[in-house]
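Here is the structure we will look at, set down as structure tokens.
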Amino acid sequence: MSDIGTSALPLRVAIIGSGPSAFYAAEALLKQNDVVLQIDMYDRLPTPYGLVRGGVAPDHPKIKSVTKVYDRIAASPNFHFYGNVEFGRDITHDDLKARYHQIVYAVGAQSDRRMGIPGEDLPGSYAATEFVGWYNAHPDYRDLQFDLSQERVAVIGNGNVAMDVARILGSSYEELRKTDIADYALEALRNSRVREIYMLGRRGPAQAAFTNPELKELGELEATDVIVSPAEATPDPLSQAWLAAHPDAMAEKNLKTLAQFAQQPPKGKPRRLHMRFLVSPVEILGSGHVEKLRIVHNELYTANDGSLRPRPTDQFEELPVGLVFRSIGYKGVALPGVPFDEKAAIIPNLHGRVIDPADKHVIPGEYVVGWIKRGPTGIIGTNKPDAVETVKLMLEDVPTLTPLDPALATRESVEALLRAKKPDYVTFDDWLILDQLEMEAGQAVGRPRLKYSRIEDMLNALRKRKHEQRPEAHPIPLHLPSAADK
């Protein structure tokens, strides 16, 4: 019987990633009263919270308020955060295996799915993830430029991310400046010449993936009329029969809202958002830049499993657009030294235990939570029961874990390694300083915050503030080597 999980030998857990699933896994572990543990959370960015910071739309502050829960989790003395540390580069799989009994991968789905159509790589064609990261000040996308001099834009998809993109494009400057949108994005959108936005869904209005609150928000935009034709707002006979047999409250609400949009005449606002259904892109056309989007009209049919699916007809249409944003789903990315299922774009697992894809055997001490576990489905709250499921298995496995070398299984060993390999790592206390600096900068110009969008700017601001607080400290490295490291 192992003594791991006792005060003499705490259970050491590394969590890779710092989004909702990572924090919910930490919370579930910290709630255990009969297990003594130490949790270290790693993120390649200096800032925590994952998509809550870098993906949630800036005009949805209530959703972002969930970070208050994460802050309480991070306040535990058994929790440490190491930001600006990239797994596989700054700290390796072998480094972690030597220092932790268990590793939890909570890296989400960092890439996007492609449409696989001709012209997809033309200038002016982008993944929605790029635009979302850009306006949210994500360092990976900060230097992208979008030609907002184009008057017509197509957004492919009808989930909530597509809704966010369409809504941000259709928002007025006054609506946006009340948010924490990136300052450079605010200025670019202020000068936007976009007048027509086409939001295209391959299935019918009854199958739309967006939620009703997001749909209603479109109708509240100051500068954009929502245009829905009565024909496209009306579900086809197959959808009507399906809803009669399978009542769906959200679908019914969406259909009611779409019907209201279809009935109201345009108010003459400067922009128009056209919501289209049962259409799919088949080609992006242009000479050196996006000029048109060729779409095919679809019809629904009943598949063998009883579901309603779209198939193309012989009717085509061309939309004159200069920008295309595809929002047809996120996908996971492989991590160095960790099994990966290329087809499903997840880390292969059994309810959260990582498995070897070759022979399906469980890899001891390695686990997954969130989108990299199950694929990009659900909302922020969906990650909580998902994390609890994985943590239950982690606790079941404690008696079978292999003891670690006592000299390496310490936080001192971890921090000595980081000081040697990544001396500008960021702690949670460091993040709280950055958080305060962003809010102070925002308050100075009447906005909720001004986000740092470059890692070097974050680190320089952090060094400066820490030096102001402790002038005797060395002003350059964030974390100096200790005597034991020399």
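For this structure, a couple of remarks:
- Subset of segment 451-461 [in contact with a Leu (Cβ under 9 Å, 6 or more places away or on another chain) and in contact (Cβ under 8 Å) with a residue 60 or more places away in the chain]: TYR452, ILE455, MET458, LEU459
- Options ARG326, ARG374: the member that is touching a residue at least 60 places away in the same chain (Cβ under 8 Å), buried (at least 20 other Cβ atoms within 10 Å of the Cβ) and of a type outside the set (Ser, Thr, Tyr): ARG326
- Some residue of segment 84-97 being in contact with a strand residue (DSSP E or B) (Cβ under 9 Å, 6 or more places away or on another chain), β-branched (Val, Ile, Thr) and assigned to a strand (DSSP E or B): yes
- On inspection, ARG271 passes the criterion of being surrounded by 13 or more Cβ atoms within 10 Å (Cβ to Cβ) and touching a Ser or Thr at 6+ places or on another chain (Cβ under 6 Å).
- Filtered residues of segment 194-214 (kept if surrounded by 17 or more Cβ atoms within 10 Å (Cβ to Cβ) and farther than 18 Å from ALA128 by Cα): ARG203, GLY204, PRO205, ALA206, GLN207, ASN212
- For the residues VAL333, VAL290, the requirement of being modelled with pLDDT of 95 or more and in a loop (DSSP other than H, G, I, E, B) singles out VAL290.
- Taking the listed residues GLN263, GLN315, the one that is loosely packed, with under 13 Cβ neighbours inside 10 Å, polar (S, T, N, Q) and under 23 Å from GLY170 (Cα atoms) is GLN263, with no other qualifying.
- Residue that is under 15 Å from THR427 (Cα atoms) and either in the same structural domain as PRO364 (by TED's automatic domain parsing) or surrounded by fewer than 18 Cβ atoms within 10 Å (Cβ to Cβ) (or both), where the choices are ASN33, ASN78: ASN78
- Test: residue in segment 120-128 that is of a type outside the set (A, V, I, L, M, F, W, C), in a loop (DSSP other than H, G, I, E, B), on the phi > 0 side of the Ramachandran plot and surrounded by fewer than 19 Cβ atoms within 10 Å (Cβ to Cβ): no
- Qualifying residue in segment 138-154 (condition: among the acidic types (Asp, Glu) and either outside the structural domain of GLY268 (by TED's automatic domain parsing) or assigned to a helix (DSSP H, G or I) (or both)): no
- Residue in segment 396-407 that is of a type in the set (D, E, K, R), more than 22 Å from GLY17 (Cβ to Cβ), modelled with pLDDT of 95 or more and assigned by TED's automatic domain parsing to the domain that holds ALA28 present: yes
The values are calculated or read from the model by the stated rules, or taken from the named source; none is laboratory data. A quick note: this is a predicted structure, and the numbers were derived from the prediction, not measured. Every residue, glycine among them, receives a Cβ derived from its backbone with ideal geometry; neighbour counts consider all protein chains shown.
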